[in-house]
Amino acid sequence: MPSKKKTAASARDAGNQRPGQYGTNNRQKRDPNKKKVDPLKLRNITYVDYRDIRILERFLNDRGKILPNRITGVSAKYQRKIESSIKHARHIALLPFVAGGLK
């Protein structure tokens, strides 16, 4: 009776491991089709006020730049409101134009 030879392809399919590797990458990846949750709708915020610095600082990075909505998950309508209120707060000196350590 002829014996079956194990090829590299059959060994890979059997255990999902290639020879010479120590394990597989089983990390869960984020579903690209799944939308991020809007943080403003989550907290029932309908009006973005330029005086509410705690909310506005959430949409700035450590250098003081405004984060895009693909990172924050905010809708386009509220992203425009957030941008205008951040710019308004900067002109009144409630928010810095540049982060403190980068001047």
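Brief remarks on what is shown
- Centroid-to-centroid separation of region 34-62 and region 72-103 [C-alpha atoms, Å]: 11
- Long-range amide H partners of LEU60 with built H, under 5 Å: LEU67
Quick note: the coordinates plus some simple rules give every number you see, no bench work behind them. All figures in this text were calculated on a predicted structure; none of them were measured in a lab.
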